[in-house]
1. So for the stretch 58-66 (the condition being without any contact (Cβ under 8 Å) to a residue 12 or more places away in the chain, part of a strand (DSSP E or B) and within 18 Å of LEU98 (Cα to Cα)), does at least one residue qualify?
2. When you scan the stretch 20-42, how many residues do you find that are modelled with pLDDT of 80 or more, out of contact with any Lys or Arg (no Cβ under 9 Å at 6 or more places or on another chain) and of a type outside the set (Val, Ile, Thr)?
3. Just name the residue that is farthest from the chain's Cα centre (by Cα) out of those in the stretch 65-76 that are surrounded by 16 or more Cβ atoms within 10 Å (Cβ to Cβ) and at pLDDT 95 or above.
4. Only one of these conditions is not met by HIS60: (1) surrounded by fewer than 16 Cβ atoms within 10 Å (Cβ to Cβ); (2) in contact with a Gly (Cβ under 9 Å, 6 or more places away or on another chain). Which number is it?
5. Somewhere in the stretch 96-111, is a residue surrounded by fewer than 10 Cβ atoms within 10 Å (Cβ to Cβ) and modelled with pLDDT of 90 or more?
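The values are calculated or read from the model by the stated rules, or taken from the named source; none is laboratory data. Given the structure is predicted, the values throughout are model-derived calculations rather than measurements. Quick reminder, even Gly has a Cβ in these numbers, built from the backbone with ideal geometry, and neighbours come from all protein chains shown.
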Amino acid sequence: MKPNSTGRIVCIALGLLTLGSASLSAAEAPKQHSQRGTITSLDPSAKSLVVSDSKDKVEHRLFWDDQTKFLLHGKSALAADLKVGERVRLSHSDTGDLPSLLRVQIVPERVAGQP
């Protein structure tokens, strides 16, 4: 084999290793989900809430952490602002064993006569 051929083989092998590790990283990335529903229970000490899905009325328990963003009327809010009965839009991912909340947007109540 010529010395130049060996260099090409090494470059090709390194390229394949890089592509393989990139595809593994992409496969391991948690998938994000969106959901709408109504809060049916809150447990601030466990940093969790239960939401009744507005589509199929199934309840889902989700957990927040220090990275979760809470929004009320488009402005930053706190977990303490959440109340049972409020409608919410959620973004969450399935990381580890528990569904982790990324964002919780409190949806204002509809007022009669307004769209």
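1. Step one: of the stretch 58-66, the residues without any contact (Cβ under 8 Å) to a residue 12 or more places away in the chain are 58, 66.
Then keep just the ones that are part of a strand (DSSP E or B); that gives none.
No - not one qualifying residue is present in the stretch 58-66.
2. Step one: filter the stretch 20-42 for residues modelled with pLDDT of 80 or more, giving 31-42.
Among the residues that remain, those that are also out of contact with any Lys or Arg (no Cβ under 9 Å at 6 or more places or on another chain) are: 31-33, 40.
Now narrow it down to the ones that are of a type outside the set (Val, Ile, Thr): 31-33.
Count: 3.
3. Going through the stretch 65-76, the residues surrounded by 16 or more Cβ atoms within 10 Å (Cβ to Cβ) turn out to be 68, 70-72.
Now drop any that are not at pLDDT 95 or above, which leaves 68, 70-71.
Working: THR68: 9, PHE70: 13, LEU71: 15 Å.
That would be LEU71.
4. (1)
5. The answer is no, given that none of the residues of the stretch 96-111 is surrounded by fewer than 10 Cβ atoms within 10 Å (Cβ to Cβ) and modelled with pLDDT of 90 or more.
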